[in-house]
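Q: The structure that follows is given in the form of structure tokens.
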Amino acid sequence: MMDKPVILGLSMRYLGYHAAGWRHPQADPSGSISFDHYRNVATRAEKAGFAMVFLADGVAIRAQDHPHGALAQSSQLADLEPLTLLSALSSVTTDIGLVATASTTYNEPYHIARKYASLGRISGGRAGWNIVTSWSDAEARNFGMEQHPDYETRYGRAREFVDVVTKLWKSWDVDALKWDKRDAVFQDPAKIHAINHRGTHFSVSGPLDIPVTPSMRPLLVQAGASQAGMEIAARHADIVYAVPHDIETAVQYRQTLRDMARGHGRDPDSIKVLTGITPYVGRTHDDAQKLYDTYNSLIPPELGLSYLYAQMGDLSAFPLDGPVPEPTDARVRSIANNLLKLAREKNLTIRELYGVIAAGFGALVSISSAQGLVDEMQAWLEAGASDGFNICPPLLPLELDRFIDLVIPHMRARGMLPSFPAGTGLRRRMNLPES
């Protein structure tokens, strides 16, 4: 029995985390724009014991047609707006957390405070905001700009943005609502406060028009890899998504983040780190390897090469089953080093290298038996590398079902996944303080 049971999240954007999963014989390509698909996934995850579901998001079509033909093969163009979707899912779930991404670069604080407060009320305190600054010029061009703002501008705005949102969520005292019919007092105006924020990026008077009690306050979630991102996470975040690919790096990252949180006067246990994993799991390791190979066999060459294009340039003239060449373009040479190192260490061909990327989109890819995966997860937890895992299945719902059928029983047998009574609050499920 583990002292601190694992926090289990599910990332459910698009059809899953394999680039060519949509071509699988059992895939429904319409799923990414189907409410029934997401309802099916969310209710299965809730029943299995996941603490939350998560929707990543961007406000543009960011895929590029390099090499030509790749754009036609990508399943990552058609999507649903996350807050609308999660509000609908709140009516068909009862306990699972509902975390949606929203950008601080292409929104305003009052809008975000209001929308997530509404989701919190509608869902009974199950909302979470994944804070991002966005990253592409394609998004900028949808909001009257030609280029995405620079790093310093984005993170300066993000810091102030989150400060304003949290102030707005605190603008109603807990006992502001009276609902006193006899004396005709609906609320006490003295307990509703303007925030009168005047800053570099925002001028917001407040108060919010939605009361937010501590139990209804949305979770703050962040993927803080950069120094500025980690600083925001250390000040505000309840949950941090991380994608380190080895235990040693993960332990150092988590400890640094906890130390930074302590420096802001926070209890370091009030911030939880979840590691992203894309599991290719079977009853045996051979089964898992065959599963991985099956998915990678579905990758069209143009789509696969598109995942190497930004880092290594156009490799379409080279044989796919030959060695990965040295980049000749000085503009990409520096950022290709990690991919080249991986290719050389594992003697990967071009096809195998793009398969590594297409298999998980940056999450830690695990090819393992069910018991082996649970061993791996337990090792990360016991080393202090993680507080839980954000599961990013290759294909939804097929590989979620496989994870539930094969992995969850092993987790429960080891006491890694607790069973909570119906109605247990989200913060309790996440092992977080109530306020």
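Q: Filter the range 183-226 for residues that are under 30 Å from the mean Cα position of the chain (by Cα), surrounded by fewer than 13 Cβ atoms within 10 Å (Cβ to Cβ) and assigned to a loop (DSSP other than H, G, I, E, B) and give the result.
A: Selection gives 200, 226.
Q: Another question, if that's okay. Every residue in the range 86-116 that is over 21 Å from residue 140 (Cβ atoms), of a type outside the set (Ser, Thr, Tyr), surrounded by fewer than 20 Cβ atoms within 10 Å (Cβ to Cβ) and without any contact (Cβ under 8 Å) to a residue 60 or more places away in the chain, please.
A: Answer for the range 86-116, where residues must be over 21 Å from residue 140 (Cβ atoms), of a type outside the set (Ser, Thr, Tyr), surrounded by fewer than 20 Cβ atoms within 10 Å (Cβ to Cβ) and without any contact (Cβ under 8 Å) to a residue 60 or more places away in the chain: 88, 92.
Q: To continue, here is another question. When you look at residue 316, is it hydroxyl-bearing (Ser, Thr, Tyr), assigned to a loop (DSSP other than H, G, I, E, B) and more than 15 Å from residue 394 (Cβ to Cβ), yes or no?
A: Answer is yes for this residue.
Q: Only residues that are in a helix (DSSP H, G or I), aliphatic (A, V, I, L, M) and out of contact with any strand residue (DSSP E or B) (no Cβ under 9 Å at 6 or more places or on another chain): list them for the range 123-180, please.
A: 138, 140
Q: Condition first: in contact with a strand residue (DSSP E or B) (Cβ under 6 Å, 6 or more places away or on another chain), surrounded by 20 or more Cβ atoms within 10 Å (Cβ to Cβ) and closer than 30 Å to residue 403 by Cβ. Can you find one or more residues in the range 306-325 that meet it?
A: no
Q: Moving on to the next point. Whether any residue in the range 93-114 is within 27 Å of residue 21 (Cα to Cα) and out of contact with any strand residue (DSSP E or B) (no Cβ under 9 Å at 6 or more places or on another chain) is what I want to check.
A: The answer is no, given that none of the residues of the range 93-114 is within 27 Å of residue 21 (Cα to Cα) and out of contact with any strand residue (DSSP E or B) (no Cβ under 9 Å at 6 or more places or on another chain).
Q: Considering each of 42, 27 in turn, give the residue that is hydrophobic (A, V, I, L, M, F, W, C), in a loop (DSSP other than H, G, I, E, B), at pLDDT 95 or above and surrounded by 16 or more Cβ atoms within 10 Å (Cβ to Cβ).
A: 27
Q: Quick one: in the range 88-113, of everything that is part of a helix (DSSP H, G or I) and touching a helix residue (DSSP H, G or I) at 6+ places or on another chain (Cβ under 8 Å), which residue is nearest to residue 38 (Cα to Cα)?
A: Filtering first and then ranking leaves 89.
Q: Still on this structure: When you go through (1) within 19 Å of residue 200 (Cβ to Cβ); (2) surrounded by fewer than 16 Cβ atoms within 10 Å (Cβ to Cβ) one by one for residue 157, which number turns out not to apply?
A: The single condition residue 157 does not satisfy is (2).
Q: Would you mention how many residues in the range 172-182 are of a type in the set (Phe, Trp, Tyr) and surrounded by fewer than 15 Cβ atoms within 10 Å (Cβ to Cβ)?
A: Residues that pass the stated criteria total 1.
The values are calculated or read from the model by the stated rules, or taken from the named source; none is laboratory data. Because the structure is predicted, anything quoted here is derived from the model rather than measured. Note: ideal-geometry Cβ built from the backbone for every residue, glycine included; neighbour counts use all protein chains shown.
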